[in-house]
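Presented below is the structure to which this report refers.
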Amino acid sequence: MKRFSLCVLLCFSGAVNAVTFSTLDALDQGQFRDLSKNLTAATHYKGIAPAEPLGVLGFDVSLSISATDLNDEVFDLADGTDFDLSSLPLPRLSLQKGLPGGFDIGASFTAAPGTDIRVLGAELRYAIMKGNVALPAISIRASYSTVQGVDELDIDSTAAELSISKGFVNFTPYAGAGVVRSNSDPVDTTELEKESYTQKKAYVGLNINLGFNLAFEVDRTGPYTSYSAKAGFRF
């Protein structure tokens, strides 16, 4: 928790090192694959929400931040500097809207001050079970994200997830699992080849709605862990 709080402060103070990947050719193919998987764990779409649908009139608008473990060895090589953070903090603006029939849609925009990383994401979710007093909600989600602003690298991810949640008054614990399929393409280099790979993911979280909505989530994608916190309004 202390490390996560430090990452939040660094992110919003602009103290995060600029990530340029200007020395990407310093990596061998295996290191490039490791770097790409690490970036996928950090940048793929994270809903940070329970499985229950919002409903036709419902919406969720929020600000969140996720801190993802870094493989600092490959980041140092790719960036050409001493990348002295053990986690990469990424703030995110998200909007989710309920639709008829148990469907929700969502979109997010991520931009880290002091870095070149920008991420656009979108999701479509369907509630197999909407949940009630006795039964949990179960939903499936498809999402897509693409990294922008990094001239040396094109990376995008598509994910499919199954999640479950059960509300208890104002508290809704939830959990989910799925797979993330990604493509990572180095730009203007003859030393490295495009990588395509699939990583398993699993997560647990807690949503707290007291008029002002809070959510906390721990996500494990491949070998990397992300810690997320979200604040906003959910109706």
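Here are some notes:
- Residue that is nearest to D188 (Cα to Cα) [pool: residues in region 112-150 that are part of a strand (DSSP E or B), among the β-branched types (V, I, T) and free of Cβ contacts under 8 Å to residues at least 60 places away in the same chain]: T146
- Options D116, D156: the member that is under 22 Å from I65 (Cα atoms), within 14 Å of the chain's Cα centre (by Cα), charged (D, E, K, R) and surrounded by 15 or more Cβ atoms within 10 Å (Cβ to Cβ): D156
- A single member of K130, K200 is modelled with pLDDT of 95 or more and farther than 27 Å from N213 by Cα, and it is K200.
- Test for S36: is it in a strand (DSSP E or B), modelled with pLDDT of 90 or more, among the hydroxyl-bearing types (S, T, Y) and in contact with a strand residue (DSSP E or B) (Cβ under 8 Å, 6 or more places away or on another chain): no
- Qualifying strands (runs of 3 or more DSSP E) (wholly inside region 151-215; at least 1 residues being touching a Leu at 6+ places or on another chain (Cβ under 8 Å) and closer than 16 Å to Y45 by Cα): 153-165, 171-186
- If only residues of region 74-106 that are small (G, A, S) and assigned to a strand (DSSP E or B) are counted, the one that is farthest from I48 (Cα to Cα) is S87.
- Selection within region 119-151: residues that are within 22 Å of the chain's Cα centre (by Cα) and of a type in the set (K, R). The member of this set that is farthest from R181 (Cα to Cα) is R125.
- S226 in contact with a His (Cβ under 7 Å, 6 or more places away or on another chain), surrounded by 21 or more Cβ atoms within 10 Å (Cβ to Cβ) and part of a strand (DSSP E or B): no
- Of all the criteria given as (1) surrounded by 22 or more Cβ atoms within 10 Å (Cβ to Cβ); (2) in contact with an Asp or Glu (Cβ under 9 Å, 6 or more places away or on another chain); (3) acidic (D, E), the one not satisfied by D72 is (1).
- Residue match in region 116-126 (condition: out of contact with any strand residue (DSSP E or B) (no Cβ under 8 Å at 6 or more places or on another chain) and either closer than 17 Å to E152 by Cβ or aliphatic (A, V, I, L, M) (or both)): yes
- F109 of a type in the set (F, W, Y), outside any strand (DSSP E or B) and at negative phi: no
- Residue in region 198-214 that is of a type in the set (F, W, Y), surrounded by fewer than 15 Cβ atoms within 10 Å (Cβ to Cβ) and out of contact with any His (no Cβ under 6 Å at 6 or more places or on another chain) present: yes
The values are calculated or read from the model by the stated rules, or taken from the named source; none is laboratory data. Please read all numbers here as calculations on a predicted model, not as lab measurements. Cβ atoms come from the backbone with ideal geometry, glycine included; neighbour counts cover every protein chain shown.
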